[in-house]
1. Can you name the number of the only condition in (1) at pLDDT 85 or above; (2) under 19 Å from A69 (Cα atoms); (3) part of a loop (DSSP other than H, G, I, E, B) that I197 fails?
2. Are any residues in the stretch 74-108 surrounded by fewer than 18 Cβ atoms within 10 Å (Cβ to Cβ), among the hydrophobic types (A, V, I, L, M, F, W, C) and part of a helix (DSSP H, G or I), and if so, which ones?
3. Would the stretch 114-126 turn up any residue that is in a loop (DSSP other than H, G, I, E, B), on the phi > 0 side of the Ramachandran plot and surrounded by fewer than 24 Cβ atoms within 10 Å (Cβ to Cβ)?
4. Assess whether P226 counts as being part of a loop (DSSP other than H, G, I, E, B) and at pLDDT 95 or above.
5. Kindly list the number of the only condition in (1) at pLDDT below 80; (2) of a type outside the set (G, A, S); (3) in a strand (DSSP E or B) that fails for D204.
6. For the stretch 150-162, give me the residue count where each residue is without any contact (Cβ under 8 Å) to a residue 24 or more places away in the chain, in a helix (DSSP H, G or I) and surrounded by 16 or more Cβ atoms within 10 Å (Cβ to Cβ).
7. Kindly evaluate I186 against the criterion of being at pLDDT 95 or above and not in a loop (DSSP other than H, G, I, E, B).
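The values are calculated or read from the model by the stated rules, or taken from the named source; none is laboratory data. Small disclaimer: the values here were computed from a predicted structure and weren't measured. Note that we place each Cβ from the backbone using ideal geometry, even for glycine, and neighbour counts take in every protein chain shown.
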Amino acid sequence: MSKINLLLKRMFDILSSLIAIFLLIPVWLGVAIAIKHDSKGPVFFKQERRTKDGKIFQLLKFRTMVVNAENMGSGLFNFENDPRVTKVGQKLRASSVDELPQLFNILFGTMTLVGPRPCVKYELGDFDTLNHKYKKRFQVKAGLTGLAQIKGRNDISWDEKVVYDNQYVDNFHRIGIFEDIKILVISVFKVLKKENIYESKVDDAMDSVEAAKAAEEEIIRIAHLPD
């Protein structure tokens, strides 16, 4: 990748995240009060995710579920009417406000504004043995939004997301930060529409736990198919 494009991308990340963090001070305070009033637990949720080259970092979000939700029910999968999601959490997820703390990840350089969404540390199985298709998306930093998000967000499969993530990598190679600006503009309109917030079950006849287990196994299987 062009060093100039990467430098411009980093400068844009720093400037944008600083301005947004400052302007959103009332939101930080209001959301924090709402979360503490609604349910027991911390305001922020931290989770180990993967970014460029598979490096692990602590992703920040506003907490939208009950404490320890990751180890309950459908685990990493969030289907519609998930009982683990709090009342305030439902509103935060619908508006994507729960993602705003990642502006601090962007400011400190562990994430970028536009790039593949960071997967949970263990979501794709063993990172070292991922096939080439799934590893390609890790050539760039994880992003707050990305091409896969404006194409379908949670309404498309992991394999489809990877196709779009890899397309973004190629596009950034060609046109640099102009690809980021285009995706950011479209992302704003997508958030306002509040579309594709929840994941779909592989089989509606399954309960949430069964559907989550089946989806997890399939994701890991495909991610490790021979090239």
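1. Unmet for I197, out of (1) at pLDDT 85 or above; (2) under 19 Å from A69 (Cα atoms); (3) part of a loop (DSSP other than H, G, I, E, B): (1).
2. Selection gives A94, F104, L107.
3. yes
4. Details: part of a loop (DSSP other than H, G, I, E, B): yes; at pLDDT 95 or above: no.
In short, no.
5. If we test D204 against (1) at pLDDT below 80; (2) of a type outside the set (G, A, S); (3) in a strand (DSSP E or B), just (3) comes out false.
6. Residues meeting the conditions: 1.
7. The answer is no for I186.
For every residue, the table says whether it meets (1) without any contact (Cβ under 8 Å) to a residue 12 or more places away in the chain; (2) more than 30 Å from I220 (Cα to Cα).
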site: F12; (1), (2): no, yes
site: L18; (1), (2): no, yes
site: L23; (1), (2): yes, yes
site: D38; (1), (2): no, yes
site: G41; (1), (2): no, yes
site: F44; (1), (2): no, no
site: R49; (1), (2): no, no
site: F62; (1), (2): no, no
